[in-house]
Amino acid sequence: MQTGQTLYGGFKGQTTVLRALADDLEHDYVVVSLDFQMIETDEFASGSAFVHALAREISRKLRRRKAVPEEIREILSRLSESTSENTRMAELFGCFSRWCEQSEKPIVLMIDEIDTATNNQVFLDFLAQLRASYLDRDETPAFQSVILAGLYDVRNIRRKIRQEEEHRSNSPWNIAADFLVSMSFSVKDIAGMLESYEADKKTGMDIDGMSQLLYDYTSGYPYLVSRLCKFMDERITVKKSSPAGSSTHVPEPDGDQRRRTAWTKAGFLEALKILIDEKNPLYESLINKLEDYPELKTVLYELLFTGKPIPYTSLNKSVEVAAMFGFIKKVEGNAVISNRIFETVLYNLFISEEYVNSRIYDAGTKDLAGKCIQ
(Lines give C-alpha, C1' and ligand atoms only; values in the text may rest on other atoms or scores of the structure.)
Protein backbone atom coordinates (compact mmCIF):
# COMPACT_ATOMS: atom_id res chain seq x y z
CA MET A 1 0.00 0.00 0.00
CA GLN A 2 1.46 3.34 -1.06
CA THR A 3 1.64 6.32 1.25
CA GLY A 4 -1.37 8.56 0.75
CA GLN A 5 -3.85 5.72 0.33
CA THR A 6 -6.37 4.97 3.03
CA LEU A 7 -5.86 1.64 4.73
CA TYR A 8 -8.95 0.03 3.27
CA GLY A 9 -7.76 1.09 -0.20
CA GLY A 10 -5.20 -1.69 0.07
CA PHE A 11 -7.93 -4.35 -0.08
CA LYS A 12 -8.97 -5.15 -3.64
CA GLY A 13 -12.11 -6.76 -4.94
CA GLN A 14 -12.18 -9.95 -6.96
CA THR A 15 -12.66 -8.25 -10.34
CA THR A 16 -9.89 -5.73 -9.64
CA VAL A 17 -7.49 -8.54 -8.72
CA LEU A 18 -8.35 -10.43 -11.92
CA ARG A 19 -7.70 -7.34 -14.04
CA ALA A 20 -4.36 -6.82 -12.32
CA LEU A 21 -3.49 -10.49 -12.94
CA ALA A 22 -4.46 -10.19 -16.61
CA ASP A 23 -2.29 -7.10 -17.01
CA ASP A 24 0.63 -8.93 -15.41
CA LEU A 25 0.23 -11.96 -17.69
CA GLU A 26 -0.22 -10.02 -20.94
CA HIS A 27 3.52 -9.85 -21.62
CA ASP A 28 3.92 -13.63 -21.90
CA TYR A 29 0.38 -14.83 -22.67
CA VAL A 30 -2.73 -14.02 -24.61
CA VAL A 31 -5.31 -13.48 -21.86
CA VAL A 32 -9.02 -13.79 -22.64
CA SER A 33 -11.05 -12.42 -19.72
CA LEU A 34 -14.77 -13.21 -19.67
CA ASP A 35 -17.55 -12.45 -17.22
CA PHE A 36 -20.43 -14.94 -17.12
CA GLN A 37 -22.73 -12.21 -15.83
CA MET A 38 -22.75 -10.97 -19.43
CA ILE A 39 -24.47 -14.20 -20.50
CA GLU A 40 -28.21 -14.15 -19.84
CA THR A 41 -30.08 -16.96 -18.10
CA ASP A 42 -31.93 -18.12 -21.23
CA GLU A 43 -28.58 -18.45 -23.03
CA PHE A 44 -27.78 -21.37 -20.75
CA ALA A 45 -30.97 -23.15 -21.83
CA SER A 46 -29.29 -25.20 -24.57
CA GLY A 47 -25.83 -26.01 -25.86
CA SER A 48 -26.35 -24.08 -29.09
CA ALA A 49 -27.59 -20.94 -27.30
CA PHE A 50 -24.59 -21.09 -24.96
CA VAL A 51 -22.13 -21.49 -27.85
CA HIS A 52 -23.64 -18.45 -29.63
CA ALA A 53 -23.43 -16.36 -26.44
CA LEU A 54 -19.89 -17.43 -25.53
CA ALA A 55 -18.63 -16.85 -29.09
CA ARG A 56 -20.24 -13.39 -28.98
CA GLU A 57 -18.52 -12.46 -25.73
CA ILE A 58 -15.13 -13.71 -26.93
CA SER A 59 -15.52 -11.84 -30.24
CA ARG A 60 -16.34 -8.67 -28.32
CA LYS A 61 -13.25 -9.06 -26.18
CA LEU A 62 -11.02 -9.66 -29.20
CA ARG A 63 -12.35 -6.76 -31.26
CA ARG A 64 -9.30 -4.57 -30.61
CA ARG A 65 -6.71 -7.35 -30.49
CA LYS A 66 -4.37 -7.25 -33.49
CA ALA A 67 -2.65 -10.59 -32.97
CA VAL A 68 -5.77 -12.77 -33.40
CA PRO A 69 -5.71 -14.79 -36.66
CA GLU A 70 -8.39 -13.70 -39.13
CA GLU A 71 -9.61 -17.30 -39.45
CA ILE A 72 -10.38 -17.36 -35.73
CA ARG A 73 -12.24 -14.06 -35.92
CA GLU A 74 -14.37 -15.39 -38.77
CA ILE A 75 -15.25 -18.63 -36.98
CA LEU A 76 -16.20 -16.82 -33.78
CA SER A 77 -18.23 -14.28 -35.73
CA ARG A 78 -20.07 -17.04 -37.58
CA LEU A 79 -20.85 -18.92 -34.37
CA SER A 80 -22.04 -15.81 -32.56
CA GLU A 81 -24.32 -14.67 -35.39
CA SER A 82 -25.74 -18.10 -36.20
CA THR A 83 -29.37 -18.78 -35.30
CA SER A 84 -29.07 -22.53 -35.82
CA GLU A 85 -30.25 -24.74 -32.98
CA ASN A 86 -27.90 -27.48 -34.14
CA THR A 87 -24.65 -25.68 -33.31
CA ARG A 88 -22.46 -28.01 -31.29
CA MET A 89 -20.03 -27.15 -28.53
CA ALA A 90 -17.43 -29.20 -30.39
CA GLU A 91 -17.37 -26.48 -33.07
CA LEU A 92 -16.37 -23.88 -30.51
CA PHE A 93 -13.68 -26.10 -29.03
CA GLY A 94 -12.41 -26.83 -32.53
CA CYS A 95 -11.98 -23.08 -32.93
CA PHE A 96 -10.17 -22.89 -29.60
CA SER A 97 -7.78 -25.64 -30.67
CA ARG A 98 -6.95 -23.92 -33.96
CA TRP A 99 -6.42 -20.65 -32.18
CA CYS A 100 -4.05 -22.24 -29.62
CA GLU A 101 -2.13 -23.87 -32.47
CA GLN A 102 -1.72 -20.62 -34.44
CA SER A 103 -1.11 -18.25 -31.53
CA GLU A 104 2.45 -17.03 -30.97
CA LYS A 105 1.84 -16.96 -27.21
CA PRO A 106 0.11 -19.50 -24.96
CA ILE A 107 -3.54 -18.59 -24.31
CA VAL A 108 -5.03 -18.25 -20.82
CA LEU A 109 -8.82 -18.28 -20.43
CA MET A 110 -10.07 -16.36 -17.39
CA ILE A 111 -13.78 -16.51 -16.45
CA ASP A 112 -15.27 -14.39 -13.68
CA GLU A 113 -18.56 -14.91 -11.77
CA ILE A 114 -18.63 -18.64 -12.36
CA ASP A 115 -21.20 -19.24 -9.60
CA THR A 116 -23.83 -17.48 -11.71
CA ALA A 117 -23.67 -20.43 -14.11
CA THR A 118 -23.28 -23.47 -11.88
CA ASN A 119 -26.98 -24.33 -11.79
CA ASN A 120 -26.91 -25.20 -15.48
CA GLN A 121 -26.25 -28.55 -17.12
CA VAL A 122 -24.87 -26.74 -20.18
CA PHE A 123 -22.17 -25.21 -18.03
CA LEU A 124 -21.29 -28.65 -16.67
CA ASP A 125 -20.92 -29.85 -20.27
CA PHE A 126 -18.67 -26.88 -21.00
CA LEU A 127 -16.42 -27.76 -18.05
CA ALA A 128 -16.29 -31.37 -19.19
CA GLN A 129 -15.13 -30.23 -22.63
CA LEU A 130 -12.47 -28.00 -21.07
CA ARG A 131 -11.20 -30.91 -19.02
CA ALA A 132 -11.18 -33.26 -22.02
CA SER A 133 -9.22 -30.77 -24.12
CA TYR A 134 -6.75 -30.24 -21.28
CA LEU A 135 -6.14 -33.99 -20.89
CA ASP A 136 -5.65 -34.29 -24.65
CA ARG A 137 -3.29 -31.31 -24.89
CA ASP A 138 -0.30 -33.49 -25.88
CA GLU A 139 -2.02 -34.28 -29.18
CA THR A 140 -4.37 -31.34 -29.66
CA PRO A 141 -3.45 -27.73 -28.79
CA ALA A 142 -5.42 -26.36 -25.83
CA PHE A 143 -5.48 -23.42 -23.44
CA GLN A 144 -2.35 -23.08 -21.32
CA SER A 145 -4.49 -22.45 -18.24
CA VAL A 146 -8.12 -21.88 -17.31
CA ILE A 147 -8.91 -19.62 -14.34
CA LEU A 148 -12.38 -19.91 -12.83
CA ALA A 149 -13.16 -17.05 -10.44
CA GLY A 150 -16.16 -16.54 -8.20
CA LEU A 151 -16.32 -20.23 -7.32
CA TYR A 152 -15.78 -21.37 -3.75
CA ASP A 153 -14.57 -24.83 -4.70
CA VAL A 154 -14.69 -26.85 -7.91
CA ARG A 155 -16.29 -29.64 -5.86
CA ASN A 156 -19.19 -27.32 -5.02
CA ILE A 157 -20.40 -27.58 -8.62
CA ARG A 158 -21.67 -31.08 -8.06
CA ARG A 159 -23.92 -29.86 -5.23
CA LYS A 160 -25.63 -27.31 -7.44
CA ILE A 161 -26.34 -29.49 -10.48
CA ARG A 162 -29.66 -31.21 -9.89
CA GLN A 163 -31.92 -32.98 -12.34
CA GLU A 164 -35.46 -34.02 -11.53
CA GLU A 165 -34.64 -37.68 -11.17
CA GLU A 166 -31.33 -37.50 -9.31
CA HIS A 167 -28.81 -35.39 -7.50
CA ARG A 168 -25.50 -35.56 -9.29
CA SER A 169 -22.57 -36.29 -7.00
CA ASN A 170 -19.95 -36.50 -9.75
CA SER A 171 -17.72 -33.58 -10.64
CA PRO A 172 -16.77 -32.73 -14.23
CA TRP A 173 -13.19 -32.40 -13.03
CA ASN A 174 -11.51 -35.04 -10.94
CA ILE A 175 -8.48 -32.83 -10.51
CA ALA A 176 -8.42 -30.19 -7.79
CA ALA A 177 -5.20 -29.01 -6.17
CA ASP A 178 -5.36 -28.07 -2.52
CA PHE A 179 -5.02 -24.32 -1.98
CA LEU A 180 -2.82 -24.00 1.08
CA VAL A 181 -2.38 -20.21 1.16
CA SER A 182 -4.26 -18.56 4.01
CA MET A 183 -6.49 -15.75 2.76
CA SER A 184 -6.89 -14.25 6.24
CA PHE A 185 -4.68 -11.52 7.66
CA SER A 186 -2.49 -12.18 10.65
CA VAL A 187 -1.92 -9.60 13.39
CA LYS A 188 1.42 -8.88 11.72
CA ASP A 189 -0.23 -8.34 8.32
CA ILE A 190 -2.70 -5.86 9.80
CA ALA A 191 0.07 -4.06 11.67
CA GLY A 192 2.06 -3.65 8.47
CA MET A 193 -0.85 -1.93 6.75
CA LEU A 194 -1.56 0.24 9.78
CA GLU A 195 2.08 1.35 9.82
CA SER A 196 1.77 2.60 6.24
CA TYR A 197 -1.46 4.41 7.09
CA GLU A 198 0.05 5.91 10.24
CA ALA A 199 3.12 7.17 8.39
CA ASP A 200 0.79 9.22 6.20
CA LYS A 201 -1.96 10.29 8.62
CA LYS A 202 -0.01 10.50 11.90
CA THR A 203 -2.96 9.69 14.15
CA GLY A 204 -0.82 8.61 17.09
CA MET A 205 -2.63 5.28 17.31
CA ASP A 206 -1.29 2.29 19.22
CA ILE A 207 -0.53 0.17 16.15
CA ASP A 208 0.10 -3.07 18.04
CA GLY A 209 -3.02 -2.64 20.18
CA MET A 210 -5.23 -1.70 17.24
CA SER A 211 -3.91 -4.59 15.13
CA GLN A 212 -4.69 -7.04 17.90
CA LEU A 213 -8.15 -5.53 18.41
CA LEU A 214 -8.99 -5.81 14.71
CA TYR A 215 -7.78 -9.40 14.66
CA ASP A 216 -9.62 -10.39 17.85
CA TYR A 217 -12.98 -9.44 16.36
CA THR A 218 -12.44 -10.45 12.71
CA SER A 219 -9.95 -13.35 12.90
CA GLY A 220 -8.26 -11.58 9.99
CA TYR A 221 -11.25 -11.81 7.60
CA PRO A 222 -10.15 -9.27 4.92
CA TYR A 223 -13.55 -7.68 4.21
CA LEU A 224 -14.29 -7.16 7.89
CA VAL A 225 -10.85 -5.68 8.61
CA SER A 226 -11.21 -3.36 5.63
CA ARG A 227 -14.73 -2.28 6.56
CA LEU A 228 -13.84 -1.44 10.16
CA CYS A 229 -10.83 0.57 9.01
CA LYS A 230 -12.96 2.42 6.48
CA PHE A 231 -15.44 3.44 9.18
CA MET A 232 -12.71 4.60 11.56
CA ASP A 233 -11.07 6.57 8.78
CA GLU A 234 -14.22 8.23 7.46
CA ARG A 235 -17.12 8.10 9.88
CA ILE A 236 -16.05 7.91 13.51
CA THR A 237 -15.74 10.93 15.75
CA VAL A 238 -15.35 10.40 19.50
CA LYS A 239 -16.46 13.74 20.90
CA LYS A 240 -15.24 15.19 24.16
CA SER A 241 -18.11 16.32 26.37
CA SER A 242 -18.14 19.61 28.28
CA PRO A 243 -17.82 19.47 32.08
CA ALA A 244 -21.14 19.09 33.89
CA GLY A 245 -22.97 22.40 34.15
CA SER A 246 -20.49 24.14 31.86
CA SER A 247 -21.69 26.21 28.95
CA THR A 248 -18.34 25.96 27.24
CA HIS A 249 -18.68 25.19 23.55
CA VAL A 250 -16.66 22.17 22.44
CA PRO A 251 -15.68 22.78 18.82
CA GLU A 252 -16.07 20.07 16.19
CA PRO A 253 -12.74 18.34 15.63
CA ASP A 254 -10.94 18.91 12.34
CA GLY A 255 -9.90 15.99 10.14
CA ASP A 256 -6.63 15.30 11.93
CA GLN A 257 -8.18 15.58 15.40
CA ARG A 258 -11.05 13.33 14.38
CA ARG A 259 -8.67 10.62 13.19
CA ARG A 260 -6.68 10.83 16.43
CA THR A 261 -9.83 10.07 18.42
CA ALA A 262 -11.20 7.55 15.92
CA TRP A 263 -8.19 5.24 16.01
CA THR A 264 -8.69 4.34 19.67
CA LYS A 265 -10.56 1.51 21.34
CA ALA A 266 -13.59 3.79 21.73
CA GLY A 267 -13.50 4.64 18.03
CA PHE A 268 -13.10 0.97 17.14
CA LEU A 269 -16.18 0.02 19.18
CA GLU A 270 -18.22 2.73 17.45
CA ALA A 271 -17.11 1.35 14.07
CA LEU A 272 -17.99 -2.14 15.25
CA LYS A 273 -21.56 -1.05 16.04
CA ILE A 274 -21.96 0.36 12.54
CA LEU A 275 -20.57 -2.79 10.95
CA ILE A 276 -22.79 -5.16 12.93
CA ASP A 277 -25.94 -3.15 12.23
CA GLU A 278 -25.39 -2.37 8.55
CA LYS A 279 -26.66 -4.26 5.52
CA ASN A 280 -23.76 -5.07 3.22
CA PRO A 281 -23.00 -7.48 0.34
CA LEU A 282 -21.09 -9.88 2.61
CA TYR A 283 -23.99 -10.34 5.02
CA GLU A 284 -26.46 -10.68 2.13
CA SER A 285 -24.25 -13.35 0.58
CA LEU A 286 -24.05 -15.26 3.87
CA ILE A 287 -27.83 -15.15 4.29
CA ASN A 288 -28.29 -16.40 0.73
CA LYS A 289 -26.06 -19.34 1.56
CA LEU A 290 -28.26 -20.17 4.57
CA GLU A 291 -31.26 -20.27 2.23
CA ASP A 292 -29.47 -22.35 -0.42
CA TYR A 293 -28.03 -24.85 2.08
CA PRO A 294 -30.53 -25.48 4.92
CA GLU A 295 -28.08 -27.79 6.67
CA LEU A 296 -25.88 -24.75 7.33
CA LYS A 297 -28.51 -23.21 9.54
CA THR A 298 -28.71 -26.35 11.69
CA VAL A 299 -24.95 -26.43 12.28
CA LEU A 300 -24.70 -22.72 13.06
CA TYR A 301 -27.75 -22.78 15.34
CA GLU A 302 -26.28 -25.66 17.32
CA LEU A 303 -22.98 -23.84 17.72
CA LEU A 304 -24.60 -20.58 18.81
CA PHE A 305 -27.39 -21.76 21.11
CA THR A 306 -26.77 -25.25 22.45
CA GLY A 307 -23.10 -25.05 23.32
CA LYS A 308 -22.64 -28.62 22.13
CA PRO A 309 -19.18 -29.22 20.60
CA ILE A 310 -19.32 -30.32 16.98
CA PRO A 311 -16.24 -32.25 15.84
CA TYR A 312 -14.67 -30.63 12.80
CA THR A 313 -14.53 -33.24 10.05
CA SER A 314 -14.71 -32.57 6.33
CA LEU A 315 -16.44 -35.95 5.93
CA ASN A 316 -19.56 -34.36 7.41
CA LYS A 317 -21.17 -32.53 4.47
CA SER A 318 -22.79 -29.89 6.69
CA VAL A 319 -19.47 -29.07 8.32
CA GLU A 320 -17.70 -29.11 4.95
CA VAL A 321 -20.19 -26.65 3.44
CA ALA A 322 -20.04 -24.35 6.48
CA ALA A 323 -16.24 -24.28 6.30
CA MET A 324 -16.21 -23.76 2.53
CA PHE A 325 -18.31 -20.61 2.85
CA GLY A 326 -16.22 -19.30 5.75
CA PHE A 327 -18.85 -19.63 8.50
CA ILE A 328 -16.74 -21.88 10.72
CA LYS A 329 -13.13 -22.75 11.43
CA LYS A 330 -11.33 -25.54 13.24
CA VAL A 331 -10.14 -24.95 16.81
CA GLU A 332 -8.72 -27.84 18.85
CA GLY A 333 -10.55 -30.36 16.69
CA ASN A 334 -13.97 -28.71 16.99
CA ALA A 335 -15.96 -26.43 14.70
CA VAL A 336 -16.42 -22.85 15.93
CA ILE A 337 -17.92 -19.74 14.33
CA SER A 338 -15.20 -18.05 12.27
CA ASN A 339 -15.09 -14.74 14.11
CA ARG A 340 -16.88 -12.67 16.75
CA ILE A 341 -18.58 -10.45 14.17
CA PHE A 342 -20.16 -13.39 12.32
CA GLU A 343 -21.14 -14.79 15.70
CA THR A 344 -22.97 -11.59 16.66
CA VAL A 345 -24.61 -11.04 13.26
CA LEU A 346 -25.86 -14.64 13.05
CA TYR A 347 -27.05 -14.59 16.67
CA ASN A 348 -29.04 -11.40 16.03
CA LEU A 349 -30.47 -12.87 12.82
CA PHE A 350 -31.65 -16.11 14.45
CA ILE A 351 -33.12 -14.29 17.47
CA SER A 352 -34.96 -11.89 15.17
CA GLU A 353 -36.35 -14.74 13.07
CA GLU A 354 -37.55 -16.60 16.16
CA TYR A 355 -39.20 -13.43 17.46
CA VAL A 356 -41.02 -12.83 14.15
CA ASN A 357 -42.10 -16.47 13.92
CA SER A 358 -43.35 -16.52 17.50
CA ARG A 359 -45.30 -13.29 16.94
CA ILE A 360 -46.89 -14.79 13.82
CA TYR A 361 -47.73 -17.92 15.80
CA ASP A 362 -49.24 -15.89 18.65
CA ALA A 363 -51.28 -13.76 16.23
CA GLY A 364 -52.54 -16.88 14.46
CA THR A 365 -53.54 -18.49 17.75
CA LYS A 366 -55.43 -15.40 18.88
CA ASP A 367 -57.18 -15.14 15.53
CA LEU A 368 -58.21 -18.81 15.68
CA ALA A 369 -59.45 -18.37 19.28
CA GLY A 370 -61.50 -15.35 18.23
CA LYS A 371 -63.16 -17.34 15.44
CA CYS A 372 -63.95 -20.18 17.82
CA ILE A 373 -65.65 -17.77 20.29
CA GLN A 374 -67.79 -16.36 17.50
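Below are the figures for this structure:
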item	result
Prolate/oblate/rounded label for the range 108-150 (Cα gyration tensor, a/c 1.5)	oblate
Distant-in-sequence amide H partners of Asp35 (H built 1.01 Å from N, under 5 Å)	Asp112
Set of aspartates and glutamates with alpha-carbon distance to Lys202 below 13 Å, sequence-local pairs under 8 removed	Asp233, Asp256
Low-density loop positions, GluC sites (Glu not before Pro), the range 274-312 - DSSP coil, at most 13 other Cβ in 10 Å	Glu278
Area of Val17 that stays accessible when all protein chains are in place (1.4 Å probe, Å², to 10)	80
Loop trypsin sites (Lys or Arg not before Pro), the range 181-221, which have at most 16 other Cβ atoms in a 10 Å radius of their Cβ (DSSP)	Lys202
5 angstrom amide H check on Ile328, placed H, neighbours 5+ away	Ala323, Ser338
Note, ³J(HN,Hα) from phi for the range 36-42, Karplus 6.51, -1.76, 1.60, rounded to Hz, x at Gly and Pro	6, 5, 7, 9, 6, 4, 5
Residues whose placed amide H lies under 5 Å from that of Ile147, excluding near-sequence neighbours	Leu109, Met110, Ile111
Karplus-derived 3J(HN,Hα), 6.51/-1.76/1.60, for each residue of the range 124-141, Hz, glycine and proline x	4, 5, 4, 5, 4, 5, 4, 5, 4, 5, 5, 5, 9, 5, 5, 10, 10, x
Mean separation of Cα contacts under 8 Å (6+ apart) over length of the range 86-148, as relative contact order %	53
Span from the the range 49-126 Cα centroid across to the the range 273-315 one, whole angstrom	39
Percent carbon-and-sulfur accessible area, the range 271-342, ignoring ligands, DNA and RNA, probe 1.4 Å	53
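The values are calculated or read from the model by the stated rules, or taken from the named source; none is laboratory data. Every value quoted in this text rests on a predicted model; they were computed, and no experiment measured them. Cβ: placed from backbone, ideal geometry, glycine included. Neighbour counts: every protein chain shown. Side chains included, ligands, DNA and RNA excluded: accessible areas come from the protein's heavy atoms. Shrake-Rupley method; radii C 1.70, N 1.55, O 1.52, S 1.80 Å.
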